[in-house]
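This report refers to the structure that appears directly beneath it.
The values are calculated or read from the model by the stated rules, or taken from the named source; none is laboratory data. If you're wondering where the values come from, they're calculated on a predicted model, not measured in any experiment. Cβ: placed from backbone, ideal geometry, glycine included. Neighbour counts: every protein chain shown. Accessible surface is based on the protein model in full, side chains and every heavy atom, while ligands, DNA and RNA are left aside. Shrake-Rupley method; radii C 1.70, N 1.55, O 1.52, S 1.80 Å.
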Amino acid sequence: MFNPQDPLFWTLIAFILFFAILVVKKVPAAIAKSLDDRADGIKKDLDDARKMREEAQELLADYQRRSREAEEEAKDIIARAKSDAEALAADTRKSLAES
């Protein structure tokens with residue numbers, strides 16, 4: 001069936017060798033490049049996610065600090081209002097007692 005003296009036989013051998021070399025040289029390199037590109041993309045996504053997480057933590061800390069400050073300010077306002085009300089009540093009682 002395959003005669004080594006037939007040119008078709010050598011053409012077939014050359015064709016098979018050509019594709020074997022092509023596969024050995026090109027396909028693994030293409031696969032490696034594709035995997036490297038994908039790994040770079042994933043690394044970039046992870047870096048972006050890490051940055052966004054850090055920003056979110058900073059914002060959360062800022063809002064918590066503002067919330068504590070607002071609570072303290074509200075307590076101060078209430079304390080001043082009570083003090084002013086007591087002073088006004090004392091003045092009113094004094095004025096009432098005098099009159």
Give me the residue from the range 36-93 that is of a type in the set (D, E, K, R) and more than 41 Å from the chain's Cα centre (by Cα) and, out of that set, most open to solvent (accessible area, probe 1.4 Å). 93
Cβ-Cβ below 6 Å, separation at least six or inter-chain, first residue in the range 78-99 and touching a residue at least 24 places away in the same chain (Cβ under 8 Å), second charged (D, E, K, R): which pairs? none
